[in-house]
1. If I filter the range B:136-166 down to residues being in contact with an Asp or Glu (Cβ under 8 Å, 6 or more places away or on another chain) and either within 17 Å of A:G211 (Cβ to Cβ) or exposed (fewer than 14 other Cβ atoms within 10 Å of the Cβ) (or both), which single residue comes out as modelled with the highest pLDDT?
2. If you take the residues in the range A:222-244 that are more than 8 Å from chain B (Cβ to nearest Cβ) and under 16 Å from the mean Cα position of the chain (by Cα), which one is nearest to B:G173 (Cα to Cα)?
3. What tally of residues in the range B:53-79 results from selecting those that are without any contact (Cβ under 8 Å) to a residue 40 or more places away in the chain and in a helix (DSSP H, G or I)?
4. Using the structure shown, decide if B:C69 is within 16 Å of B:V30 (Cβ to Cβ) and out of contact with any strand residue (DSSP E or B) (no Cβ under 7 Å at 6 or more places or on another chain).
5. Looking at B:D188, B:D169, can you tell me which residue is within 14 Å of chain A (Cβ to nearest Cβ) and at pLDDT 90 or above?
6. From the set of residues in the range B:204-247 that are within 14 Å of chain A (Cβ to nearest Cβ) and in a helix (DSSP H, G or I), which is surrounded by the fewest Cβ atoms within 10 Å (Cβ to Cβ)?
7. Among the listed residues A:L43, A:L35, A:L39, which satisfies the condition of being more than 14 Å from chain B (Cβ to nearest Cβ) and under 25 Å from B:G79 (Cβ atoms)?
8. Restricting to the range B:166-200, name every residue that is under 25 Å from B:L258 (Cβ atoms) and in contact with a His (Cβ under 9 Å, 6 or more places away or on another chain).
Amino acid sequence: MGVVCEPATESGYRARPAVLLLNAGLIHRVGPSRLYVRLARALAAQGFLTMRFDLSGRGDSDARPGVQSTAMDSLADVQAAMDLLEQSKNVSRFIVAGVCSGAVAAAEAARVDRRIAGAVLISAYAYPTVQSRIRHYLRRLGKPKRWWNTLAGRNELGRALRRALFVRGGVANEGEMTDDTTGARSRQAAAVMFREMIARGVCLFVIHPGGDAYNYRRQFEDAFSDVNFEDKLAVEYVPQADHTFTRLLNQQRLQDAIVGWARSRFQIRVNETPDPAPESPPTPFGLRAAAESSR
Amino acid sequence: MHPFFFGSAEQRLFGVYHPAASSHPRDAGVVLCHPFGHEYVRVYRGFRTLAIRLAEAGFHVLRFDYYACGDSSGDSAEGSVRQWISDICTAVEELRDMAGVSKVSLVGLRFGATLAAFAAQKCDDLDHLILWDPVANGGRFLDELRLVQKAWLRTKPGPSGAAAREPRDELIGFPLPEQLVAEFQTMDVAEIREWRARHATVLASSEGDESTEWRERLKTLPIASTYRCVPGAGDWTSASSVHHALLAHEMMHAITALLGETGARLGIHVS
């Protein structure tokens with residue numbers, strides 16, 4: 001089940017990619033703290049047709065029959081959503097975006113489906129680097145009580161620090177990921193995936209909140225120093241934000257960043273007048289979706 | 001399951017209508033009233049499950065998002081208690097129109113239960129008012145959630161300092177403008193003078209001071225009333241549960257059974 005947020009006028013939106021917002025974990029299509037609703041409306045106000053919908057087994061959508069993996073189900077769902085908008089709205093290019101597991105579903109779809117021109121990956125793909133480990137341990141060592149046990153290697157921190165000192169180069173151990181609740185790939189496999197996406201021309205916008213898993217601005221570029229992103233990568237780091245951007249100021253910052261990225265990447269002129277908020281009544285969309293205006 | 005928008009053109013409400021299972025439809029409908037803020041996000045899927053179970057039991061069910069909440073129109077900062085109470089009455093009328101039912105019950109959770117109790121003063125001919133972990137006092141509710149927010153924020157990144165840690169104009173991801181705070185503070189179920197439903201039931205997920213208060217309060221109501229404790233669901237004041245989905249199967253079962261029993265007692269028979 002999904003909700004389509006349409007720009008007020010049809011002029012131009014078919015020339016731009018439509019945006020699909022994918023569930024953050026088990027949270028239904030409105031997103032964490034209703035973040036996807038405000039984001040969908042902000043993007044529609046800038047001329048991007050946007051659809052937030054529930055992947056199988058989440059929100060208002062039934063689980064898919066059979067025993068496919070969640071990843072396969074999610075890919076099939078994203079492709080079904082693109083099919084629907086292609087047929088009913090005549091759009092042919094898409095941006096996929098999501099928080100946490102939604103980012104992973106977005107990346108996996110962008111890897112294989114040629115209709116996807118952009119991917120916004122929020123709070124996922126955080127891999128440790130030498131610098132992130134040092135920052136992490138220094139932060140924790142700010143508490144003097146921990147020094148003795150740490151230096152003696154008697155606690156987990158001390159043992160981890162010793163392990164970290166044996167990491168070579170700028171990249172963490174292959175296969176290791178600090179934020180593995182998303183079902184994302186190992187770093188090595190993710191690097192392969194990103195290379196495939198870049199080769200196909202997909203523009204990537206990676207957004208990381210603060211916390212232990214990601215703790216400095218260039219961590220993503222350092223973790224993937226072996227991937228040539230050409231000019232297709234943008235990274236935003238919001239150190240004050242939590243995993244789901246709960247605080248309102250962080251929600252606003254996220255919204256501004258994504259709208260700005262979409263406008264700049266997909267050639268919306270700065271002086272172009274945004275579509276005004278429409279007054280048209282809602283119309284049924286598809287078999288199991290409802291449509292709304294951009295506000 | 002039929003998703004749709006209803007209400008005025010300026011304030012469109014998102015709803016999902018679950019028609020009764022055709023094999024045994026009742027002349028009875030149920031409107032589900034969501035809780036407020038992050039609790040709404042926690043329980044969304046659970047409410048869907050409840051709606052499906054009630055529809056299978058023969059009820060026509062409408063669940064919906066209040067104005068400025070969920071998929072309904074309006075920015076989150078535009079939320080208003082008065083508007084939400086009015087939205088419940090709009091939803092009741094919408095369900096009567098759609099399903100052609102004469103009898104409608106309300107099921108509300110947490111602050112949604114409070115809204116339902118207030119809305120019941122304005123809606124005509126309500127059958128059953130089921131209040132699941134109802135909030136008795138809006139001001140106390142905000143204080144309670146602010147404590148949850150404070151504890152939760154301690155575990156999150158961000159600048160230190162009391163001001164940064166305790167935002168007054170937001171509550172666990174949702175705006176809390178002054179006008180909304182003022183409205184919450186006027187909400188006290190002790191002020192309800194007219195309980196117009198035929199029957200009221202309080203379902204508590206745990207025993208405590210608040211549930212004791214409710215038990216005493218129910219004794220004073222001018223309508224038939226019931227109190228039941230269904231342990232298991234809830235955990236509303238734990239910072240670690242802020243983002244945990246709540247399915248509450250035991251409570252869903254209790255509500256479905258309760259409405260079925262009441263329907264029989266009121267002469268609502270399976271046709």
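The values are calculated or read from the model by the stated rules, or taken from the named source; none is laboratory data. Treat the numbers as computed from the prediction; the structure is a model and nothing was measured. Neighbour counts are summed over all protein chains in view; Cβ atoms, including those assigned to glycine, are modelled from backbone coordinates with ideal geometry.
1. B:L153
2. A:H243
3. Within the range B:53-79, residues that are without any contact (Cβ under 8 Å) to a residue 40 or more places away in the chain and in a helix (DSSP H, G or I) number 3.
4. Spelling it out, it is not the case that B:C69 is within 16 Å of B:V30 (Cβ to Cβ) and out of contact with any strand residue (DSSP E or B) (no Cβ under 7 Å at 6 or more places or on another chain).
5. So the residue among B:D188, B:D169 that is within 14 Å of chain A (Cβ to nearest Cβ) and at pLDDT 90 or above is B:D169.
6. Filtering first and then ranking leaves B:S240.
7. Criteria check complete, one pass: A:L43.
8. If the condition is that a residue be under 25 Å from B:L258 (Cβ atoms) and in contact with a His (Cβ under 9 Å, 6 or more places away or on another chain), then B:A197, B:R198, B:H199, B:A200 are the ones that fit.
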